1. Of the candidates 31, 15, 75, which one comes out as most mobile in a Gaussian network treatment of the chain with C-alpha springs shorter than 10 Å?
2. Excluding ligands, DNA and RNA, what is the solvent-accessible area per residue of the chain at a probe of 1.4 Å, expressed in Å²?
3. Rg and Dmax of the chain, Cα atoms, in Å?
4. Taking only Cα atoms of the stretch 18-79, what ratio of Rg to Rh do you get with Rh as the Kirkwood inverse-distance radius?
5. Counting only protein heavy atoms and using a 1.4 Å probe, what share of the accessible area of the chain belongs to carbon plus sulfur, as a whole percent?
6. Tell me which lysines have Cα within less than 26 Å of residue 66's Cα, excluding those fewer than 8 residues away on the same chain?
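The values are calculated or read from the model by the stated rules, or taken from the named source; none is laboratory data. Predicted model, so just to flag it, every value in this text is computed and none were measured. Heads up: the accessible areas ignore ligands, DNA and RNA and are worked out on the full protein's heavy atoms, side chains in. Shrake-Rupley method; radii C 1.70, N 1.55, O 1.52, S 1.80 Å.
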Amino acid sequence: TQVFSLLEIVFSSFDQLAKARRVFKVETVGDCYVAATGVPTPKDDHAVVMVRFARDILTRMHVLVKELEITHGPDTGDLSLRCGMHSGPVTAGVLRGERARFQLFGDTGCCV
């Protein structure tokens, strides 16, 4: 559907920015893009890195919306983005099972 197409375009663009900034994409949950920095290796400048990443994705989203209006129709011009950040300790690890995945635990990671 168009929603999945839009999310794929937006999230893959964010993935490129995350890679460039060395930000770790934790997961996507619906239309929520969850990323972290300073895990698993702590970084003294983790807050600065995340603020710059947030600025990058806001700027990229503005450009994408203009492009999507042309390729996917004028209704995509209503798309918007909000960023939220949390800082603090988390515990991280891989949950094994049928669908093993990296997971963050703690109050900081649960605020999304």
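1. 75
2. Values: 7970 Å² over 112 residues.
Using a 1.4 Å probe on heavy atoms only, each residue of the chain averages 71 Å².
3. Just the Cα atoms of the chain yield Rg and Dmax of 15.3, 43 Å.
4. That ratio equals 1.09.
5. On the way: 4350 of 7970 Å².
Carbon and sulfur: 55 percent of the exposed surface of the chain.
6. 19, 25
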